[in-house]
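The values are calculated or read from the model by the stated rules, or taken from the named source; none is laboratory data. Computed from a predicted structure; not experimentally measured. Here the Cβ positions follow ideal geometry from the backbone for every residue, glycine too, while neighbour counts run over all protein chains shown. Areas reflect the complete protein model, heavy atoms only, side chains present, ligands, DNA and RNA absent. Shrake-Rupley method; radii C 1.70, N 1.55, O 1.52, S 1.80 Å.
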Amino acid sequence: MRNYFIDLLTKEAKSNNKIMLMVGDLGFSVVENFKEKYPKQFINAGVAEQNMTGMAAGLASEKFHVFTYSIANFNTFRCSEQIRNDIDYHNYNVTVVSVGGGLSYGALGYSHHAIQDYALMRSFPNMTIYAPGTRSEIANCMKQIFKSKSPAYLRLGKTLPKNLKKPNQPHDYAPGKWTKILECKNRESKKCILTTGAVIDDAVKMQKKEEFSNYHIYSLPIWGMKYKTLQAQQINKWDEIVTLEDHLEDGGFGSYILECNSSIQKVGETKIKLKSLNKNVCNTVGDQDNLKEHFKFAH
Amino acid sequence: MNINSSVLLSKYIKAYTLKMVSKAKASHVGGGLSISDILAVLYNNILYFDSQKPLLENRDRFILSKGHCCAALYATLAIKNFFTLRDLNSFAQFGSNFMSHASHKVKGVEFSTGSLGHGLPYAVGKAVAAKSRNKKWEVFVLLSDGELNEGSNWEATLFASHHNLNNLTIIVDYNKLQSLTTVEKTIKIEPLKDKFEAFGCYVSEVNGHDHEELKNSLSKTNKKNSPKVIIAHTVKGKGVSFMENRVEWHYKSPDEDQLEMALNEIGVRL
């Protein structure tokens, strides 16, 4: 995922000299090509995320579109007040790019588990969360990010889905809009699994089980506080929605959908179930697949 | 208002700061008075700006990192005609843009601050932007001494020095008092000049109430190939005898009698 992201950013930088990529001394074997091609648009801020994020705000105030790149918790939680005050409050054009969303770096321990980041980032009023799960979603997210002039959080997982041959996604979609990933056999079904982020494989596995064989798979890759009002109409279409995210339940994506559901005029009752990571994952180390299996993620 | 003397300007900044803080029953008058001379010299003699075009592209950028002392900055901007003196009456009032920590919603204020340790990284970002586009405008940022407890300042200083950002001037309002007691008793920062020099900065120490010393050190021609740091030795509550060097004036606001006494000492009638 991160390689595709950097390819798209490198292409954009060719025609857009306002792009500035800042890294927190991370990105080995990922950012070199960008740095070589556009050295004036690349800054290694060192291992200093507070300064990197404050500087990003300063650069954005001078009309740069800044990307701050690091491993998930470092450029989010470590500098959360800089994101809150310097970037979000001023509505600056800074995209926080986190690699290792969810349990991508599961074997590296709790410091590297990015499982509370949605809770933080969705608490900022101007922030848009971009959590792509497919190649098409990455491309669409980047297209929206390049157009946008507001704060953004791009959360990248480790790999693209292996169990999804061809998603049914359209080429273009908008912030706040659900997009169809895979229909179930019963096309009339009013049930769906709604994902965000790099959990499409898990949703496909779920759908293969008898219990969820009657559920379509949709994703919502672009969301946040600004798009809550767009959810009512989409939620109301369904009898049942199962949200799926590689994040803790509290403050996460399922919670977001529940909040949207509680604030709308009900046409009919939509049953919403949340599937998220077990909190005991915090005390366990292992690669992503093992951790998910052990804690029965998406079961 | 048309004032062309930095000394007179500083008196008016102090007077309006006192009046605003008193009316709003706000805090931080002591720190406002300790930076009034610095602001007066900056806005009278150093910064390039056009108050009618606050976002003029080639303006110098000034960032007040110690945002709790914004009353002095608002007063300065009003006197320099960014907005009217009458606008200052809404300081810290319901619905006003003139909130009691520096607000970018006020004309001429580059950046909202209030949580310490944010102004310098932001200023460094602006200095990088100017360098990368070969712009001649410069960046000035004013920090408090207690604020230097925040690690983000030292991250930013390392970076600024590594990248030879000689378009950046860091001014430290060294009034020796922070929130509960002296800087010395809170977290020692001495030897401060040595610290900044060890970080690779070009450092000078001045009397932060002596306008000639301030003008000389702040001058854009006075620079080397590194960020400039000016340690301005100041007095918290400067100009009002019963406020000087007293920690309680970090919090208290003068009542009507105290305001009258203070204005008499400053020597300006509003």
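Below is a table of values for the structure above.
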item	result
Three-way shape call for region A:2-156 based on the alpha-carbon gyration tensor, with the a/c threshold at 1.5	rounded
Solvent-free Debye scattering, log10 I(q)/I(0), computed from the Cα coordinates of chain A at q = 0.11, 0.15, 0.16 Å⁻¹	-0.62, -1.15, -1.30
DSSP beta bridge pairing in the protein assembly as shown, given as percent antiparallel to the nearest 5	10 percent
Ordering of B:181-193, A:117-129, B:78-90 by packing [mean C-beta count within 10 Å, highest first]	A:117-129, B:78-90, B:181-193
Protein accessible area in region A:113-227, 1.4 Å probe - carbon and sulfur %	50 percent
Packing-based ranking, highest mean first, of B:255-266, A:61-72 given that Cβ atoms within 10 Å are counted	A:61-72, B:255-266
Prolate/oblate/rounded label for region B:154-227 (Cα gyration tensor, a/c 1.5)	oblate
Which listed pairs, of A:Lys11/A:Lys35; A:Lys166/A:Lys237; A:Lys166/A:Lys205; B:Lys11/B:Lys105, have C-alpha distances above 19 Å, in listed order	A:Lys166/A:Lys237; B:Lys11/B:Lys105
Delta accessible area of at least 20 Å² on complex formation, residues of region B:106-131, 1.4 Å probe, chain isolated as reference	B:Phe111, B:Ser112, B:Ser115, B:His118, B:Pro121, B:Tyr122, B:Gly125, B:Lys126, B:Val128, B:Ala129
Rg in Å to one decimal, and Dmax rounded to a whole Å, for the protein assembly as shown via C-alpha atoms	26.8, 86
Per residue value of the accessible surface for chain B (all protein chains in place, 1.4 Å probe), Å²	40 Å²
Global form of region A:189-271, assessed from the alpha-carbon gyration tensor, a/c cut-off 1.5	oblate
Total accessible area lost when A and B pair, probe 1.4 Å, Å² to nearest 100	1900 Å²
Cross-link pairs beyond the 32 Å C-alpha cut-off, checked among A:Lys40/B:Lys53; B:Lys131/B:Lys252; A:Lys18/B:Lys236; B:Lys135/B:Lys193; A:Lys149/B:Lys176	B:Lys131/B:Lys252; A:Lys18/B:Lys236; A:Lys149/B:Lys176
Average accessible surface area per residue within region A:1-150, 1.4 Å rolling probe, Å²	35 Å²
Chain A, relative contact order in percent, only Cα pairs under 8 angstrom and at least six apart counted	16 percent
Intensity falloff of chain B expressed as log10 I(q)/I(0), Debye formula with alpha-carbon point scatterers, at q = 0.08, 0.12, 0.16 Å⁻¹	-0.28, -0.66, -1.22
Shielded by partner chains, region A:51-78 residues - at least 30 Å² of accessible area, 1.4 Å probe, vs chain alone	A:Asn51, A:Met55, A:Gly58, A:Leu59, A:Glu62, A:Phe64
Heavy-atom surface of region A:179-294, accessible at 1.4 Å and reported per residue (Å²)	48 Å²
